[in-house]
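Trainee: Let me give you the structure first, and then I'll get to my questions.
The values are calculated or read from the model by the stated rules, or taken from the named source; none is laboratory data. Quantities reported herein were computed from a predicted structural model and do not represent experimental measurements. In this analysis, Cβ positions are derived from the backbone assuming ideal geometry, glycine residues included, and neighbour counts consider all displayed protein chains. Quick note on the areas: whole protein, heavy atoms, side chains included, nothing else; ligands and nucleic acids left out. Shrake-Rupley method; radii C 1.70, N 1.55, O 1.52, S 1.80 Å.
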Amino acid sequence: MLFVYPAVFHKEEDAYWVEFPDLEGCHTYGGTISETMEAAQEALAGYLLTLFEQKKEIVSPSDIFAIHTDDGFLSLVSCDINQYKDTKAVKKTLTIPSWLNDRAVSMGVNFSQVLQEALLSKIQA
């Protein structure tokens with residue numbers, strides 16, 4: 001599951017630190033831009049996974065153009081939380097109409113992926 005949030009990067013002397021305006025308390029740092037971006041992706045994933053585990057609401061990301069900063073620069077940071085969480089598959093049995101199954105199969109639809117995306121969308125709503 002891919003998430004993308006705007007982040008504000010700040011430079012202080014020989015290091016950088018980053019904060020996520022939408023996610024209170026989610027921030028990290030690094031010695032270079034690359035290190036800071038990697039740390040930001042890990043911090044974002046950890047923050048979102050904690051919200052999932054605690055069954056708390058995950059706020060939608062703000063439009064990056066709606067965020068203003070006086071001391072730093074804005075960037076989008078993405079993370080795929082599947083690489084950080086327990087991704088053990090759980091088998092589910094479900095029933096759908098035959099015509100829908102036939103159409104989806106003919107289109108090469110990945111049923112598991114569609115169900116995961118739909119469930120995530122429903123959970124975040």
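Trainee: Is it possible to state the helix-based mean residue ellipticity at 222 nm for the chain, with each DSSP H run of 4+ residues giving -39500 (n - 2.57), the sum divided by total residues, to the nearest 500 deg cm²/dmol? What is it?
Mentor: Numbers: 3 runs with 44 residues, N = 125.
Rounded to the nearest 500, it is -11500 deg cm²/dmol.
Trainee: Could you pull out every residue, at least 5 positions away or on a different chain, whose amide H is within less than 5 Å of the one on Cys26? Hs are placed 1.01 Å off N in the peptide plane, and Pro or chain starts have none.
Mentor: Close amide H contacts, sequence-distant or interchain: Phe20.
Trainee: Let me ask something else. At q = 0.11, 0.19 Å⁻¹, work out log10 I(q)/I(0) for the chain with the Debye formula, treating every Cα as an identical point scatterer and leaving solvent out; two decimals please.
Mentor: -0.51, -1.05
Trainee: Right, another one. How do Phe111, Phe65, Phe52 rank by accessible surface area computed with a 1.4 Å probe, from largest to smallest?
Mentor: Ranked list, largest accessible area first: Phe65, Phe111, Phe52.
Trainee: Order the following by accessible area, largest value first: His68, His27. Probe radius 1.4 Å; ligands, DNA and RNA are ignored. Numbers along the way, then the final one.
Mentor: On the way: His68 155, His27 115 Å².
Putting His68, His27 in descending order of accessible area: His68, His27.
Trainee: Quick one: net charge of Asp71's neighbours, Cβ under 12 Å, K/R +1, D/E -1? Write down the numbers at each step before the final one.
Mentor: Working: positive: Lys11; negative: Glu12, Glu19, Asp70.
So the surrounding residues net to -2.
Trainee: Evaluate the relative contact order of the chain (contact order divided by residue number), counting alpha-carbon pairs under 8 angstrom at least 6 apart; express in whole percent.
Mentor: Values: 141 pairs, mean separation 35.4, N = 125.
Once divided by the residue count of the chain, the mean separation gives 28 percent.
Trainee: Could you sort Trp17, Trp99 by their accessible area in this structure, using a 1.4 Å probe and putting the largest first? All intermediate terms of the calculation are to be shown ahead of the outcome.
Mentor: Working: Trp17 80, Trp99 175 Å².
Highest to lowest solvent-accessible surface, that is Trp99, Trp17.
Trainee: Accessible area of Ser62, 1.4 Å probe, to the nearest 10 Å²?
Mentor: Only protein atoms counted, so the area is about 50 Å².
Trainee: What FRET efficiency do you get for Val4 and Leu94 if R0 is 30 Å and r is their Cβ-Cβ distance, rounded to the nearest 0.05? Each step should come with its number before you reach the end.
Mentor: Numbers: r = 30 Å, r/R0 = 0.99.
Given R0 = 30 Å and the Cβ-Cβ separation, E is 0.50.
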